[in-house]
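Scroll down for the structure; my scribbles are underneath it.
The values are calculated or read from the model by the stated rules, or taken from the named source; none is laboratory data. Treat the numbers as computed from the prediction; the structure is a model and nothing was measured. Because the Cβ atoms are built from the backbone with ideal geometry, glycine has one as well, and the counts that use them run over all protein chains shown.
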Amino acid sequence: MAIADKISLRMQGITKRFPGVLALQQAWLGLEPGECHALIGENGAGKSTLMRILCGAQQPDEGQILFNGEARSLPTPLEAQRAGISMIHQELNLLPELTVAENIFLGHEITAGPLGWMDRGATRKKTIALLERLGQRISPDAKVKSLSLAQQQMVEIAKSLSIDARILIMDEPSAILTDQELVNLFQLIRQLKQQHYSIVYISHRMAEVFEICDRATVMRDGQTISVHQVAEVDEATLVREMVGRPIESFFQSTKSEPGEKALLVKGLQRRGVLNNISLTLRQGEIVGLTGLVGSGRTELARALFGADPIDDGMMQLAGQAYAPQSPRDAIDAGMALLTEDRKGQGLALHMNVRENISLATLAELCRNGFIRSQAESASANQYVTSLRIKTPSIEQKVRNLSGGNQQKVVLAKWLAADAKVLIFDEPTRGIDVGAKTEIYQLIDSLAQAGKAILLISSELPEVLHTCHRILVMRDGAIQGELQRSEATQEKILALAMGLAVTGLVGNEHSTQQSNGRTETT
């Protein structure tokens, strides 16, 4: 059956049951040719299950799928591909040791001759044409492992186009992209819409929904709650429908009474990376750290945590000299780092909740070389309860938890280690709006309990409403400091781009005119 140039899709009455769980209940989704349609909702709302059914990976217990008004069964992923549907997952599905061309045509190779050998010349030619269509100059002979994440994503899109897919499902496509790469992706989506492709765009970032999407379907608790024209709805309405309740105060903004100095940094240097960094964190204080892509935020966090060496400078932690040679030294001294890449660096995904929570405290939990299992389980259960980690049990594999609950497991690991200073690097990236609120509440409660927190974030509303003070970085240096009461997005961006801002707090920070990068945070 040939794939139509234009596909109108309707999923209606979709119900899906798992043992003890009603994952979808009479859910529905409509998709028109040439539109980018946002599918939004909290983790666990049913978005992924609905898309797995559309991709043929799972079968509904009730309901039907209509293509241009005709019912069609999608019993397998191959049948869904034949119907013109392709999903580009957040975790890219490419083989790193194969070339770009081999990945794009994997499973539907171009063959020639009586023996059906792969026609490499024709494969290269079609690969080049596909990539040029996407505005990409990627060698078809390059191994995928040599490409950037953004380039790999483009290869995934080319792979979808190679099977003549007319419906593309993009699952959190911006999670791995820089700002400029996201601009390029949006340009591509607009081009595809003009060619009557339809895109289902799954994202937790409201700004992206309003930037690129035409309509938005909101899901909650396995049901379709509403469908809106994006131009006719506001963010507050979408958020309220996603969580099922009004959010009077999305961010926590408790007043702070800073205590003793928890971390003192003076003149921190790392050649070519960090330039004369000086800062102070106090007990009970949340200090924001922001700046443009490449400003040095994560590099500073790694240096403070002993993951990267420093060339010069002095640090004190709780009034004692602090010069970590490794993350182990930092942990022993009372420092914690919740990394930006929680899956790659913060968690052992193949291990369960209990094992992940105890990772930083194994020495204390061991006796005669063996882990005291009762003590380990008691500790894990304590943090599952206190942090409200949603998991069937502490034996559940961490990879099966939602993003927000994974982040809570990382936090539990550091709380178990009794960290005094916590560095949060993009703590709410890839987390739904409801889980974000819980993370903000946890961060605020930690500050009230006397912890000192350095919050690194690219989301300016998050920094403005959560932090007591804000440090802005540019080119590896702290460009300025703002109190919450005086901080605005305009002032932060001006500092991040090297423009002069009056009324800065602190004598050690100064600004200068220079040409900054244009990516926004």
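Quick one: what pairs do we get from the stretch 79-96, first residue on the phi > 0 side of the Ramachandran plot and assigned by TED's automatic domain parsing to the domain that holds Ile53, second small (Gly, Ala, Ser) and part of a loop (DSSP other than H, G, I, E, B), C-beta under 8 Å, 6+ apart or different chains?
Close Cβ pairs (under 8 Å, with a partner that is small (Gly, Ala, Ser) and part of a loop (DSSP other than H, G, I, E, B)) amount to Gly84/Ala4; Gly84/Ala165.
Testing Gly56 on (1) of a type outside the set (Lys, Arg); (2) surrounded by fewer than 23 Cβ atoms within 10 Å (Cβ to Cβ); (3) closer than 29 Å to Thr428 by Cα, one condition comes back false. Which one is that?
So Gly56 meets the others, but not (3).
Quick check: is even one residue across the stretch 155-173 farther than 16 Å from Ser86 by Cβ, out of contact with any Leu (no Cβ under 7 Å at 6 or more places or on another chain) and not in a loop (DSSP other than H, G, I, E, B)?
There is no residue in the stretch 155-173 that is farther than 16 Å from Ser86 by Cβ, out of contact with any Leu (no Cβ under 7 Å at 6 or more places or on another chain) and not in a loop (DSSP other than H, G, I, E, B).
Mind checking which pairs have a first residue in the stretch 313-324 that is surrounded by 13 or more Cβ atoms within 10 Å (Cβ to Cβ) and a second that is among the polar types (S, T, N, Q) and outside any loop (DSSP other than H, G, I, E, B), Cβ under 7 Å, 6 or more apart or different chains?
Gly313/Gln269; Tyr322/Gln316
Just wondering, is there one or more residues in the stretch 229-245 that are closer than 12 Å to Glu42 by Cβ, of a type in the set (A, V, I, L, M, F, W, C), touching a strand residue (DSSP E or B) at 6+ places or on another chain (Cβ under 6 Å) and modelled with pLDDT of 90 or more?
no
List pairs: first in the stretch 347-372 and in contact (Cβ under 8 Å) with a residue 12 or more places away in the chain, second among the aromatic types (Phe, Trp, Tyr), Cβ under 8 Å, 6+ apart or cross-chain?
From residues that are in contact (Cβ under 8 Å) with a residue 12 or more places away in the chain, the pairs are Ile357/Tyr383; Ala360/Trp414.
crowded, with 20+ Cβ neighbours inside 10 Å, assigned to a helix (DSSP H, G or I), under 24 Å from the mean Cα position of the chain (by Cα) and at pLDDT 50 or above: is that true of Ile470 in this structure?
Against the criterion (crowded, with 20+ Cβ neighbours inside 10 Å, assigned to a helix (DSSP H, G or I), under 24 Å from the mean Cα position of the chain (by Cα) and at pLDDT 50 or above), Ile470 does not qualify.
Regarding the stretch 406-418, can at least one residue be identified that is more than 24 Å from Ala333 (Cβ to Cβ) and not basic (Lys, Arg)?
Scanning the stretch 406-418, I find at least one residue that is more than 24 Å from Ala333 (Cβ to Cβ) and not basic (Lys, Arg), so the answer is yes.
Out of all the residues in the stretch 177-187, is one or more surrounded by 20 or more Cβ atoms within 10 Å (Cβ to Cβ) and not in a helix (DSSP H, G or I)?
Scanning the stretch 177-187 turns up no residue that is surrounded by 20 or more Cβ atoms within 10 Å (Cβ to Cβ) and not in a helix (DSSP H, G or I).
For the stretch 204-213, enumerate the residues that are outside any helix (DSSP H, G or I) and either surrounded by fewer than 23 Cβ atoms within 10 Å (Cβ to Cβ) or basic (Lys, Arg) (or both).
Of everything in the stretch 204-213, just one residue is outside any helix (DSSP H, G or I) and either surrounded by fewer than 23 Cβ atoms within 10 Å (Cβ to Cβ) or basic (Lys, Arg) (or both), namely Arg205.
Restricting to the stretch 382-398, and then to whatever is surrounded by 16 or more Cβ atoms within 10 Å (Cβ to Cβ) and either more than 21 Å from Ala435 (Cβ to Cβ) or of a type in the set (Val, Ile, Thr) (or both), can you tell me which residue is nearest to the chain's Cα centre (by Cα)?
Val398
Do any residues in the stretch 443-472 that are closer than 16 Å to Met335 by Cα and in the same structural domain as Glu426 (by TED's automatic domain parsing) have Cβ atoms under 6 Å from those of residues that are among the acidic types (Asp, Glu) and surrounded by 24 or more Cβ atoms within 10 Å (Cβ to Cβ), where the two are at least six apart or on different chains, and which pairs are they?
Close Cβ pairs (under 6 Å, with a partner that is among the acidic types (Asp, Glu) and surrounded by 24 or more Cβ atoms within 10 Å (Cβ to Cβ)) amount to Ile456/Asp425.
Right, Leu300: part of a strand (DSSP E or B) and buried (at least 16 other Cβ atoms within 10 Å of the Cβ) or not? Don't jump to the end; show me each part of the working.
On the way: part of a strand (DSSP E or B): no; buried (at least 16 other Cβ atoms within 10 Å of the Cβ): yes.
When the stated conditions are applied, Leu300 does not pass them.
Name every residue in the stretch 221-237 that is within 22 Å of Arg10 (Cβ to Cβ) and not in a loop (DSSP other than H, G, I, E, B), in order of residue number.
Of everything in the stretch 221-237, those that are within 22 Å of Arg10 (Cβ to Cβ) and not in a loop (DSSP other than H, G, I, E, B) turn out to be Gln223, Thr224, Ile225, Ser226, Val227, His228, Gln229, Val230, Glu232.
Do you know which residues across the stretch 164-220 are within 20 Å of Ala231 (Cβ to Cβ) and of a type in the set (D, E, K, R)?
Listed by number, the residues that qualify are Arg190, Lys193, Arg205, Glu208, Glu211, Asp214, Arg215.
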